[in-house]
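The values are calculated or read from the model by the stated rules, or taken from the named source; none is laboratory data. As the structure is a prediction and not an experimental result, all values here were calculated from the model. Here the Cβ is made from the backbone with ideal geometry for all residues, glycine too, and neighbour counts use every protein chain on show. When the accessible area is computed, the model is the full protein with side chains, heavy atoms only, and any ligands, DNA or RNA have been set aside. Shrake-Rupley method; radii C 1.70, N 1.55, O 1.52, S 1.80 Å.
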Amino acid sequence: MRVFSYQRVDGVEESRHSYEDEPIESEKTLNSHHNHGWNLRSLGVGIILGFILNLLAFMIILTEPKDKCVRQVSTWSPALEIFNDNDLSQQRFDGALRDPNRFRGPPSQDIDDAWAEITYPNGGLVRLSKDQLDRVNASEYAAEYTEEMGGGYIAGIEVFHQLHCVNMLRQATYMDYYLPRNKEWEDQATLRYHLDHCIDMLRQKLMCDPDVGMVTYVWAKGWRQAFPDFNTVHKCRPYSKVLDWARTNYVHSRNVSDLERAAGALERDTRP
């Protein structure tokens, strides 16, 4: 009787596959559902975290002071409340050498009125509380209004004094016209002190807040040299807001000759 036996076919590897290693269909389905569940959870967590982060960012932007930059470049003043960082706007200066405008040219009542409009000579003095006085680092000799005027400390706005100085220097260049119109100018020594004071105050202001904008040059027909073009662009605050705030907080004109000393007022040995 012939005995048969199985023999290996040349070139065919013996299969090592084991059905024991093959997961049954139900296990595959469970694993697929499990992974799908985790993916949904991860997606949900991601969406929630993204929403929370966006909400926090929005709240930070919403609660951030709108005058942050303004206050960083300015000493404290109650008038800073009128500005915010969005107030800055680009403006091109009128820098033509020979072209007149409402603020310059030969003396006239119209030009004087234009300067009076921006220097507010009929107002400009406001009232500070004791807390506000301390915040501006004022002198211990700071003068007060009388109780009849409502008390508080006498204060003016810097820009009005600075523009007053510019205007006074302008007027001094037309001495023949303005000397008869300014009785206080009759004292030439005091006038010289006043002019030198104004020049140095403006120097300090310009050096304190240096403008590093660029002035370019242009060629002009018929001229050999290039000319500086001072019609430059600057970022500016709205000056009208200063005037509005000064009018709203008006107490007195800057002519203080009629103000009386408050009871118990301190006095310096010399004038500033």
Problem set entry | Most to least accessible of Lys235, Lys205 (protein chains only, probe 1.4 Å) | Lys235, Lys205
Problem set entry | Difference of contour (0.36 nm per residue) and Cα-Cα distance, Tyr217 to Ser74 | 48.3 nm
For this session: May I ask you to derive the relative contact order of region 144-256, considering only C-alpha pairs under 8 Å and at least 6 residues apart, and to give it as an integer percent?
Result: 15
For this session: Return a whole-number percent for the relative contact order of region 97-204, with Cα pairs under 8 Å and 6 or more residues apart as the contact set.
Result: 22
Seminar exercise, completed: Rounded to 0.05, the calculated FRET efficiency for the beta carbons of Gln162 and Ile52 at R₀ = 35 Å is 0.10
Exercise. What order, most packed first, do the peptides 141-154, 120-133, 182-195 have when packing is the mean number of other Cβ atoms within 10 Å of each residue?
Worked result: 120-133, 141-154, 182-195
Exercise. Under a 1.4 angstrom probe, counting protein chains only, how are Val251, Val45 ranked by accessible area, largest first?
Worked result: Val45, Val251
Problem set entry | Arg254 paired with Met207, simple spin-label distance in nm, labels 7 Å along Cα-to-beta-carbon | 2.3
Seminar exercise, completed: In nm, the gap between the two label points placed 7 Å beyond Cα toward Cβ at Ser42 and Arg268 is 7.3
Seminar exercise, completed: By accessible area (1.4 Å), largest first, Met214, Met175 order as Met214, Met175
Exercise. If you count, for each residue, the other Cβ atoms within 10 Å and average over each peptide, how do 158-166, 98-106 line up from highest to lowest?
Worked result: 158-166, 98-106
Exercise. Any idea what diffusion coefficient region 132-193 gets from Stokes-Einstein, in µm²/s, Kirkwood Rh on alpha carbon pairs, 4 °C, 1.567 mPa s?
Worked result: 89
Exercise. Which chymotrypsin sites (Phe, Trp or Tyr not before Pro) does region 213-245 hold that lie in a coil by DSSP with at most 15 other beta carbons within 10 Å?
Worked result: Trp219, Trp223, Phe230
Exercise. How much net charge surrounds Phe227 when only the other residues with a Cβ under 12 Å from the Cβ of Phe227 are counted, with Lys and Arg +1 and Asp and Glu -1?
Worked result: +2
For this session: Would you mind checking which residues have amide H under 5 Å from Leu125's amide H? H placed 1.01 Å from N; only 5 or more apart, or other chain.
Result: Val251, His252, Arg254
